[in-house]
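Engineer: What follows is a structure written as C-alpha cells; I'll ask about it next.
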Amino acid sequence: GEQVEQLPSSLIVQEGASVLINCSYTDSASVYFPWYKQEPGKRLQFIIDIRSNMERKQTQRLTLLFDKKTKHLSLHITATQPGDSAIYFCSASRNSNNRIFFGDGTQLVVKP
Amino acid sequence: EAAVTQSPRNKVAVTGGKVTLSCNQTNNHNNMYWYRQDTGHGLRLIHYSYGAGSTEKGDIPDGYKASRPSQENFSLILELATPSQTSVYFCASGGQQNTLYFGAGTRLSVL
C-alpha cells in the first residue's frame, strides 16, 4: 500500500525564519494531498492541499510544491510565528472512496 | 463549519472492561474514520466506513470493533480493554474531496 514519509521529524526555529517540510509518497495513483496542522492538545485541522495536476499552491504564508515525477511535496512556511508551533501532517489518497495515508508528522517549534 | 463531535473526551477504564467511543458528524459525509495517535507513531488507522452499515478494517484493527448505524454516527468499541490501548483516539469525517474534519479527540487510559 501507499507509504508517506515526512522529513524532518522535528524543527526548532527562531520567530521570523522560514521552514521547509518535505514529504514523499510511493503510490503513483495518489492524486490528492491535503496537509493538516495539530496545535498542542488540539484536533488536526486542514491547512492546504494540492492535486496531482498542479505544481504549486499558495495561501498566505504557506506554499505547497508538488513534483509528480519524483513523488515529492514540500511545504514552505515563511515568516514563522510562535502560533505556527504545531505538528504538521502530510497525507495522500487516490480519490474520495479510497484510504487516506498519513505521514508521521513534523513537529515545528517557533521560539519568540 | 463542518462539525465532528466525540464523546467522551476523557475516559479511564479497567483492564478487561468494555469501552465505547462515540463520534457524531453533521457534515453529511459518507466516509468516517477512527485513528489512534501515540507519540512516535503519528496517526494509525483502526477502522473506517464508507456509509451507514459499512465498516472496514484499517491498519491496526485487532482488539477493536466499529459500528456505523447511521450516516451521522460511528462508534469504536473495545470489548476487552487492555493497557496497550491507552492512547488518544480521533474520529474524522471526509467528503468528496477527501479532506478530513477531525473531532477533538478522546483520551483513553486503561488501568
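Where a number appears in this text, it was derived from the coordinates with a stated rule and is not lab data. Note that this is a predicted model, so its numbers are computed, not measured. Counting neighbours? That spans all protein chains shown, and the Cβs are built from the backbone with ideal geometry, glycine included.
Engineer: Suppose every K and R has +1 on its Cβ and every D and E has -1 on its Cβ; what is the size of the dipole of chain B about the Cα centre, in Debye to the nearest 20?
Structural biologist: 220
Engineer: Continuing with this model, one more query. Among all the lysines, which ones have a C-alpha under 16 Å from B:Lys65's C-alpha, if same-chain residues fewer than 8 places away are not counted?
Structural biologist: B:Lys18, B:Lys57
Engineer: Among residues other than A:Glu2 whose Cβ falls under 9 Å from its Cβ, what is the net charge (Lys/Arg +1, Asp/Glu -1)?
Structural biologist: Around A:Glu2, the surrounding residues sum to +1.
Engineer: Taking the Cβ of A:Ile21 as the center, what net charge do the other residues with Cβ under 15 Å away carry, scoring Lys and Arg +1 and Asp and Glu -1?
Structural biologist: -2
Engineer: Using a Gaussian network model of chain B whose springs link C-alpha atoms within less than 10 Å, name the residue from B:Thr82, B:Thr55, B:Thr39 with the highest mean-square fluctuation.
Structural biologist: B:Thr39
Engineer: Taking chain B as a Gaussian network, where each spring joins two C-alpha atoms under 10 Å apart, which residue of B:Gln37, B:Gln97, B:Gln85 fluctuates the most?
Structural biologist: So, out of B:Gln37, B:Gln97, B:Gln85, the one fluctuating most is B:Gln97.
Engineer: In addition: Could you list A:Met54, B:Met32 so that the one with the fewest beta carbons within 10 Å of its beta carbon is first and the one with the most is last?
Structural biologist: Fewest-to-most ranking of A:Met54, B:Met32: A:Met54, B:Met32.
Engineer: Taking 0.36 nm per residue of sequence separation and subtracting the Cα-Cα distance, how much length would be gained by fully extending the chain between A:Asp67 and A:Leu7, in nm to one decimal? Write out the running numbers ahead of the final one.
Structural biologist: Values: separation 60, 0.36 × 60 = 21.60 nm, distance 1.60 nm.
Between A:Asp67 and A:Leu7, full extension yields an extra 20.0 nm.
Engineer: Local charge sum around A:Pro82 (other residues, Cβ-Cβ under 12 Å, Lys/Arg +1, Asp/Glu -1)?
Structural biologist: Working: positive: A:Lys111; negative: A:Glu15, A:Glu39, A:Asp84.
Here the charged neighbours net out to -2.
Engineer: When you look at the Cβ of every residue in B:98-108, what mean number of other chain Cβ atoms sits within 10 Å?
Structural biologist: Neighbouring Cβ atoms belonging to other protein chains average 5 per residue here.
Engineer: Within 10 Å of each Cβ in A:81-94, how many Cβ atoms from other chains are there, averaged over the peptide?
Structural biologist: That average works out to 1.
Engineer: In µm²/s, what is D for the protein assembly as shown at 20 °C and 1.002 mPa s, where D = kT/(6 pi eta Rh) by Stokes-Einstein and Rh is the Kirkwood radius from Cα pairs?
Structural biologist: So the translational diffusion coefficient is about 119 µm²/s.
Engineer: Highest GNM mean-square fluctuation, chain B, Cα pairs closer than 10 Å: which of B:Ser84, B:Ser70, B:Ser54?
Structural biologist: It is B:Ser84.
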